[in-house]
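The values are calculated or read from the model by the stated rules, or taken from the named source; none is laboratory data. Predicted, not measured: the structure shown is a model, and the values here were computed from it. So basically every Cβ, Gly included, is an ideal-geometry build from the backbone, and we count neighbours across all protein chains shown.
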Amino acid sequence: MLASTNVLSTQLLAEFVAVLSAAPDSTSATRVAVERAARALEAEAAVVVGNDGSVTSVGFPLGRIPLDEIADVIAGRRTILDVPGAEGCHTAVTPLGGASPGHLLVARTGEDGLVSTRSASSGASRGCSS
């Protein structure tokens, strides 16, 4: 069973990298990465916050991204984030390196799968920073 899981993970990562590579610019690539990370991790929200202050997100209404709360999560001062329609989401954050450093944050309901979400978001961040 483990071998088939590894094959699926490798296939998903390859698809993720292929989609990112096809993006015409870094802004589009970041948007695709956020959407794919949210979908793959079954997250209610996902956010990339660049060290330059740029923010790309899914799961929050336009203009209503809780930037102070997201900053607190990234800084480690909180682990729970309220998302519209899904209060009390557990979060996982991973740093992004490469040409556009920052952080990838995912928020999802329920504690089950949070450890695997942290592992997967870390893998996704490596794809984003390439």
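The set of residues in the stretch 74-130 that are at pLDDT 80 or above, in a loop (DSSP other than H, G, I, E, B) and of a type in the set (D, E, K, R) comprises Arg77, Arg78. Go through the stretch 93-106 and report how many residues are crowded, with 23+ Cβ neighbours inside 10 Å and within 15 Å of Glu69 (Cβ to Cβ). Here the count works out to 2. Candidates Val73, Val49, Val32, Val55: the one that is crowded, with 21+ Cβ neighbours inside 10 Å, closer than 21 Å to Gly97 by Cβ and touching a helix residue (DSSP H, G or I) at 6+ places or on another chain (Cβ under 8 Å) is Val49. Please go through (1) more than 10 Å from the chain's Cα centre (by Cα); (2) part of a loop (DSSP other than H, G, I, E, B) for Ala43 and return the number of the only condition it doesn't satisfy. It fails just one condition, (1). Looking across the stretch 58-70, just one residue is among the acidic types (Asp, Glu) and either touching a helix residue (DSSP H, G or I) at 6+ places or on another chain (Cβ under 8 Å) or surrounded by 13 or more Cβ atoms within 10 Å (Cβ to Cβ) (or both), and that is Glu69.
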